[in-house]
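Asker: The structure is given below, and queries will be raised subsequently.
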Number of protein chains: 2
Amino acid sequence: MKARLIGVGRATLAQEARAEIERMITEGELKAGEKLNELDLSIVMGVSRGTVREAIRSLAGSGLVDLIANRGAFVHETTLAEVQNLYELRGAIFAMACGAAARRFAAGEERGLAEALSRNIEKMDAARETDDQSTYYALNIEFHDLLMAAADNPKAKAVYDNIKREMHLFRRKGLSLASNIARSLDEHRVIADAVTAGDEAAARDAANEHIRRGFDRYMTIAARDRQTG
Amino acid sequence: MKARLIGVGRATLAQEARAEIERMITEGELKAGEKLNELDLSIVMGVSRGTVREAIRSLAGSGLVDLIANRGAFVHETTLAEVQNLYELRGAIFAMACGAAARRFAAGEERGLAEALSRNIEKMDAARETDDQSTYYALNIEFHDLLMAAADNPKAKAVYDNIKREMHLFRRKGLSLASNIARSLDEHRVIADAVTAGDEAAARDAANEHIRRGFDRYMTIAARDRQTG
DNA sequence: CATATGTTGATTGTTGACAAAATAAACCGG
DNA sequence: CCGGTTTATTTTGTCAACAATCAACATATG
């Protein structure tokens, strides 16, 4: 038998509404700090207010919007201090995940991991040579996801994904992506080596350092952008 | 089923409904895996189904209930593997927070912290001598909250609180609290010393170790309970 | 007897209407 | 013109009814 699965990912209207509002936010149609009007959104999307309301509540759970009782929902405004907090939290979780991945790899519970990591690194090396930013971006996410998956900690992954979403949201604010392919690639190699050596502590430290340096790169670019306008 | 009638407070009804359902879950009136019937709950609490629905969605955001589209909401069943995941995630966040607290203390941004920590430790020492479990429990939470607050990372604190809630939920399942006042107190002293010495790395390591040992204590008790009961 | 197919009651998803609160506008004395 | 008060209007919070979906049972079919 062969038939396409229907309605995948769109189980309920509220979920679709959530996805659509999230898109509007991440693509900048709804700017940071802007108020979300339930009625307007319901009309634009062609669903009832209750459905929109449910979607908004769901977004609030992921930290993308802030709710104030009796006053409404507002697109979350991410401050610089909060970006630092997010980086630090992300680093802590990613470091833990890399440590767990190293432990699991050493126990033989993550067979394909070594190949997957080295393949990713090879491809990123190619992207570095051609300076292919968009490919690098995708591979970078893949690298982190590989390790988060290898940690086998769904809860941590869920939190990590939320953080990623919120940080992505801040990028909209105008700052360019803090990327330095060569440096990042070197750090990835150190992490991958530690993990595939089964060295839990080294993996943790390398991962922590990677995120910390990512934040430094980000701050450097942020400072430069602010200066040049 | 029995639930307090709500609706006299000042917050929104949905918020009160959420608090009430959360209470029912944490106090075991609603058991793990049990289905939450919107209509029944709405009748028992004297509010409309929509309000109950909103409350349930909110609880899902905190991981206390699982939602399945078109089928309903179920009290989250925490498995042993998940408890391990939660402990590990909690450890990572708490370690990060202690590191941040050490850094902030060294920078003179957390003046009252040293006194607050030593006061807490003194009181816990007294609780140890009288073997006062409930006081110990409260002081233990206070100790962790002091450091989470000193980290000045609201996002991390929010995630931490959610984890705490979910772990507390699992305790309901029958296992006694994994507490060894003397050991825990020693570990607290190490953490406090590292933080007030401004040693970020030492604080991180001590905190991580503290949570890890907490998990070991938990596992020991869990194994014993499974054997005898 | 086992499996597939209809049928029914219960439960969730969605909607539009009403009530309460907050914001905007009109008013008014100085 | 201004600051404060009062009145409209808008917006959110809550509710009850309708539609879609599901779980369980009953029935048919080979």
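Asker: Based on the Kirkwood radius over alpha-carbon pairs, what value in µm²/s does the Stokes-Einstein equation return for the translational diffusion coefficient of the stretch B:13-75 at 37 °C and 0.692 mPa s? Before the final figure, lay out the partial values.
Answerer: On the way: Rh = 11.3 Å.
Estimated via Stokes-Einstein, D reaches 291 µm²/s.
Asker: A follow-up question, please. In the stretch B:39-81, which trypsin sites (Lys or Arg not before Pro) are in a loop and have at most 16 other Cβ atoms within 10 Å, using DSSP for the loop call?
Answerer: Loop-located and lightly packed - B:71.
Asker: Can you work out ³J(HN,Hα) from phi for every residue in the stretch B:26-38, in order, using Karplus 6.51 cos²θ - 1.76 cosθ + 1.60 and θ = phi - 60°, giving whole Hz and x for Gly and Pro?
Answerer: Going residue by residue, I get 5, 8, x, 5, 10, 7, 4, x, 5, 7, 9, 8, 4 Hz, with x marking Gly and Pro.
Asker: Further question on the same structure: Return the FRET efficiency for the residue pair residue B:158, residue B:107: r is the Cβ-Cβ distance, R0 is 35 Å, and the value is rounded to the nearest 0.05.
Answerer: On the way: r = 24 Å, r/R0 = 0.68.
Taking R0 as 35 Å, the efficiency between residue B:158 and residue B:107 is 0.90.
Asker: Relative to the Cα centre, what is the charge dipole magnitude of the stretch A:80-228, using +1 at the beta carbon of each Lys and Arg, -1 at the beta carbon of each Asp and Glu, and rounding to the nearest 20 debye?
Answerer: On the way: 22 positive and 24 negative charges, 118 e Å.
Here the size comes out at about 560 debye.
Asker: Please determine, in degrees from 0 to 90 and to the nearest 10, the orientation of helix B:49-61 with respect to the longest principal axis defined by the Cα atoms of chain B, where the helix direction is its Cα long axis.
Answerer: 30 degrees
Asker: At residue A:68, with labels set 7 Å past Cα in the Cβ direction, how many nm apart are the copies from this one, shortest first?
Answerer: Once sorted, the set of distances for residue A:68 reads 4.1 nm.
Asker: Would you tell me the mean number of C-beta atoms belonging to other protein chains that fall within 10 Å of each C-beta in A:56-69, as a whole number? Present the calculation step by step, with values, prior to reporting the outcome.
Answerer: Details: counts 0, 5, 5, 1, 2, 7, 1, 4, 0, 0, 0, 1, 0, 5.
Per residue, the number of nearby Cβ atoms from other chains is 2 on average.
Asker: Place the label 7 angstrom along Cα→C-beta at residue A:126 and in each other copy, then list the distances from the first to the rest in nm, shortest first.
Answerer: 6.9
Asker: Picking from B:39, B:28, B:69, whose Cα lies most toward the positive end of the charge dipole for the stretch B:13-75 (charges on Cβ: Lys, Arg +1; Asp, Glu -1)?
Answerer: Of the candidates, B:69 comes out farthest on the positive side.
Asker: If amide H atoms are built 1.01 Å from N in the plane of the peptide, which residues on other chains or at least 5 residues away come under 5 Å of the amide H of residue B:65?
Answerer: Here B:60, B:76 satisfy the definition.
Asker: In the stretch A:32-85, what GluC sites (Glu not before Pro) fall in a loop by DSSP, with at most 15 other Cβ atoms inside 10 Å?
Answerer: On the way: sites: A:34, A:38, A:54, A:77, A:82; in loops: A:34, A:77.
Answer by residue number: A:34, A:77.
Asker: Can you tell me, using C-alpha contacts under 8 Å and at least 6 residues apart, the relative contact order of chain A as a whole percent? Please list the in-between numbers first.
Answerer: Working: 243 pairs, mean separation 54.7, N = 229.
Once normalised by length, the contact order is 24 percent.
Asker: Follow-up. In debye, nearest 20: dipole of the stretch A:183-229 around its Cα centre with unit charges on the Cβ of K, R (+) and D, E (-)? The partial results should precede the final answer.
Answerer: Numbers: 8 positive and 9 negative charges, 75 e Å.
It works out to roughly 360 debye.
Asker: From the cross-link list B:31/B:164; A:123/B:157; B:35/B:157; A:35/B:31, which pairs have alpha carbons spaced over 28 Å apart? If you can, show how the numbers build up before the last one.
Answerer: Details: B:31/B:164 18 Å; A:123/B:157 37 Å; B:35/B:157 30 Å; A:35/B:31 39 Å.
Violating the 28 Å Cα-Cα cut-off are A:123/B:157; B:35/B:157; A:35/B:31.
Asker: Using the crude model of +1 on Lys and Arg Cβ and -1 on Asp and Glu Cβ, and no other charge, please compute the dipole size for the protein assembly as shown relative to its Cα centre, in debye to 20. Each step should come with its number before you reach the end.
Answerer: On the way: 66 positive and 70 negative charges, 253 e Å.
So the magnitude is around 1220 debye.
Asker: Add -39500 (n - 2.57) for each DSSP H run of 4 or more in the protein assembly as shown, then divide by its residues: what number comes out at 222 nm, to the nearest 500 deg cm²/dmol?
Answerer: Values: 18 runs with 324 residues, N = 458.
Calculated mean residue ellipticity at 222 nm is -24000 deg cm²/dmol.
Asker: Further question: Mind checking the angle between helix B:200-228 and chain B's longest principal axis? C-alpha axes, 0 to 90 degrees, to the nearest 10.
Answerer: 50 degrees
Asker: Let me ask something else. When B:210, A:168 are ordered from fewest to most other Cβ atoms inside 10 Å of their Cβ, what list results? If you can, show how the numbers build up before the last one.
Answerer: Working: B:210 23, A:168 11.
Ascending number of Cβ neighbours within 10 Å: A:168, B:210.
Asker: Per residue of A:89-98, what is the mean number of Cβ atoms on other protein chains within 10 angstrom of that residue's Cβ?
Answerer: Numbers: counts 13, 2, 2, 15, 7, 1, 5, 9, 3, 0.
For peptide A:89-98, the averaged partner shielding equals 6.
Asker: A further question on this structure: Average partner chain C-beta neighbours within 10 Å, per residue of B:145-157? Numbers along the way, then the final one.
Answerer: Values: counts 0, 0, 0, 0, 0, 0, 3, 2, 8, 3, 11, 8, 2.
Going residue by residue through B:145-157 and averaging, the value is 3.
Asker: If you don't mind, another one. Determine, at each q value in 0.08 (inverse angstroms), the log₁₀ of I(q)/I(0) that the Debye formula gives when each Cα of the protein assembly as shown is one equal point scatterer.
Answerer: Summing over Cα pairs of the protein assembly as shown leads to -0.54.
Asker: If you don't mind, another one. Report ³J(HN,Hα) in whole Hz for each residue of the stretch B:62-67, in order, from the Karplus equation J = 6.51 cos²θ - 1.76 cosθ + 1.60 where θ = phi - 60°; Gly and Pro get x.
Answerer: Using θ = phi - 60°, the values come out as 8, x, 7, 10, 10, 9 Hz.
Asker: Next question. Taking the Cα centre of chain B as the origin and placing charges on Cβ (Lys, Arg +1; Asp, Glu -1), which of B:198, B:106, B:210 is farthest toward the positive end of the dipole?
Answerer: B:210
Asker: Put a point 7 Å out from Cα along the line to Cβ at residue A:161; what are the distances to that point in the other copies, in nm, shortest first?
Answerer: Label-point separations across copies, in nm and ascending: 2.4.
Asker: Which cross-chain or sequence-distant (5 or more) residues have an amide H under 5 Å from the amide H of residue A:36, H modelled 1.01 Å from N in plane?
Answerer: Correct list: A:73, A:74, A:75.
Asker: Within the set of other residues whose C-beta is less than 10 Å from the C-beta of residue A:206, count the net charge using Lys and Arg as +1 and Asp and Glu as -1. Write out the running numbers ahead of the final one.
Answerer: Working: positive: A:189, A:204; negative: A:187, A:193, A:199, A:205, A:209.
Summing Lys/Arg as +1 and Asp/Glu as -1 gives -3.
Asker: Turning to a different aspect of this structure: Mind pulling the angle between the C-alpha long axis of helix B:181-196 and the longest principal axis of chain B? Nearest 10 degrees, somewhere in 0 to 90.
Answerer: Between helix and principal axis, roughly 70 degrees.
Asker: Roughly speaking, what is the centre-to-centre gap between the stretch A:205-220 and the stretch A:90-162 when only Cα atoms are used, to the nearest Å?
Answerer: With the stretch A:205-220 and the stretch A:90-162 each reduced to a Cα centre, they are spaced 16 Å.
Asker: Just flag the trypsin sites (Lys or Arg not before Pro) in the stretch B:98-170 sitting in loop per DSSP whose Cβ has no more than 10 other Cβ atoms within 10 Å.
Answerer: Details: sites: B:103, B:104, B:111, B:119, B:123, B:128, B:155, B:157, B:164, B:165; in loops: B:111.
Of the trypsin sites (Lys or Arg not before Pro), the ones in loops of the stretch B:98-170 whose Cβ has at most 10 other Cβ atoms within 10 Å are B:111.
Asker: Which shape class applies to chain B: rounded if a/c is under 1.5, otherwise prolate when a/b exceeds b/c and oblate if not, where a ≥ b ≥ c are the square roots of the Cα gyration tensor eigenvalues?
Answerer: Details: a/c = 2.15, a/b = 1.68, b/c = 1.28.
Here chain B falls in the prolate category.
Laboratory data are not the source of any read-out in this text; all were calculated from the coordinates shown. Quick caveat: nothing in here was measured; it's all calculated off a predicted structure. We place every Cβ from the backbone using ideal geometry, glycine too, and count neighbours over all the protein chains shown.
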